[in-house]
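Trainee: Let me begin by handing over the structure; questions about it come next.
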């Protein structure tokens with residue numbers, strides 16, 4: 001008996017919503033799996049997936065031309081939206097020669113800083129007219145959601161031209177005061193770099209670059225920030241110091257002094273975040289915030305990046321936040337367990353001194 005994969009996918013999406021899951025996985029030889037509050041849960045009432053099942057779901061989820069690319073390249077990014085407006089960011093890949101799919105739910109309501117438990121200081125970085133703001137952290141830690149809140153705050157408060165460059169498009173913005181153009185790599189533009197270059201000729205005020213994947217894109221993003229644009233982007237790094245090192249190290253040695261100088265001048269802040277299980281369910285962010293001031297700019301120019309963590313620790317009065325103090329506050333407020341605070345800390349010894 002043939003399976004109606006469209007109908008079956010609809011039932012799984014309803015389950016994702018009912019369980020407040022963040023992700024849905026399809027893998028040959030396993031039940032469909034969802035992630036709830038950070039934990040993977042197999043859906044044991046659903047049958048174990050055969051290869052034709054994963055392929056069946058893939059054909060429902062992925063547009064035909066992208067599906068063909070998936071079949072030949074063996075991995076592809078895509079977005080999916082059902083008739084009810086429920087959106088997912090997806091990745092199709094192969095493992096052990098067989099198809100697999102990973103879907104991340106994209107909430108259709110863009111939440112505010114307060115609703116996301118983010119620090120109010122982020123609002124000040126939406127009021128800038130130019131510069132480079134980075135939201136960093138491992139995969140799945142809410143970077144896109146934070147940047148969406150920032151972009152939407154601009155949308156609700158200023159008449160600006162905003163261009164987002166994403167692979168794929170995640171949050172859909174409803175235009176308020178701003179004009180918003182959302183460009184998807186592979187559909188609307190060839191690459192992040194090509195779209196960034198084109199943005200210089202599009203009378204743009206604010207640019208969101210979904211991901212900086214190479215030195216070419218980073219260089220263009222930094223130049224855009226230097227030339228009167230407010231640029232937001234992400235990197236998969238653990239903290240502010242590692243982020244700055246990653247940017248500089250992506251360039252050949254003879255170009256590194258130049259990018260240090262550019263970064264020192266254009267950087268607004270680096271916001272690093274982690275999502276941690278809340279004691280009463282759901283997730284809550286812990287974060288580190290480096291704000292670029294004259295001291296930080298000097299450290300970047302002089303290649304003394306290793307001193308940045310101590311600048312953050314002593315920069316509380318200027319609005320900086322270090323990760324351990326953020327974790328400590330969550331523990332003191334009864335939001336997270338001490339065990340999880342240590343588990344997610346990048347510097348557990350430093351946290352031990354605070355607790």
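Just so it is clear, none of the values below were taken in a lab; they were calculated from the coordinates. The shown structure was predicted, so the numbers you read here are calculated from the model rather than taken from an experiment. Positions of Cβ are backbone-derived with ideal geometry, glycine not excepted, and every protein chain shown enters the neighbour counts.
Trainee: Dimensions of segment 5-106 along principal axes (Cα, Å, largest first)?
Mentor: So the three principal-axis extents are 35, 29, 25 Å.
Trainee: In which sequence would 48, 305 go, from the one with the fewest C-beta neighbours within 10 Å to the one with the most?
Mentor: 48, 305
Trainee: Do you know the relative contact order of the chain, to the nearest whole percent, from alpha carbon pairs under 8 angstrom that are 6+ apart? Could the numbers behind the result be given before it?
Mentor: Working: 636 pairs, mean separation 44.6, N = 355.
Over the chain, the number comes to 13 percent.
Trainee: Please report the spacing between the Cα centers of segment 93-171 and segment 222-245 in Å, no decimals.
Mentor: Going from one Cα centre to the other spans 14 Å.
Trainee: If you take every DSSP beta bridge whose two residues both sit in the chain, what share of them, in percent to the nearest 5, is antiparallel?
Mentor: Taking every DSSP beta bridge with both residues in the chain, the antiparallel ones total about 60 percent.
Trainee: Now for a separate question. Please find the FRET efficiency linking residue 36 to residue 339, where r is the Cβ-Cβ separation and R0 is fixed at 22 Å, and quote it to the nearest 0.05.
Mentor: Step by step, r from the Cβ atoms, then E = 0.70.
Trainee: Compute the distance from the alpha-carbon center of segment 1-29 to that of segment 185-214, in whole Å.
Mentor: Computed from Cα coordinates, the inter-centre distance equals 33 Å.
Trainee: Do you know the relative contact order of segment 5-106, to the nearest whole percent, from alpha carbon pairs under 8 angstrom that are 6+ apart?
Mentor: 25 percent
Trainee: Spin-label point model (7 Å from Cα, Cβ direction): what's the residue 157 to residue 294 distance in nm?
Mentor: 2.7 nm
Trainee: Let me ask something additional. Using packing as a proxy for protection, rank 244-255, 36-47 so that the peptide with the highest average count of other Cβ atoms within 10 Å comes first.
Mentor: Put in order of decreasing packing, that is 244-255, 36-47.
Trainee: Within 10 Å of each residue's Cβ, count the other Cβ atoms and sort 209, 136 from fewest upward. Write out the running numbers ahead of the final one.
Mentor: Working: 209 27, 136 23.
Starting with the residue having the fewest Cβ neighbours, the order is 136, 209.
Trainee: Moving on to the next point. Using only Cα atoms, find the angle between the long axis of helix 323-332 and the longest principal axis of the chain, and express it within 0 to 90 degrees, rounded to the nearest 10.
Mentor: Once rounded, one gets 70 degrees.
Trainee: Size of the chain along its principal axes in angstrom, Cα-based, largest extent first?
Mentor: The principal-axis extents, from largest down, are 69, 52, 42 Å.
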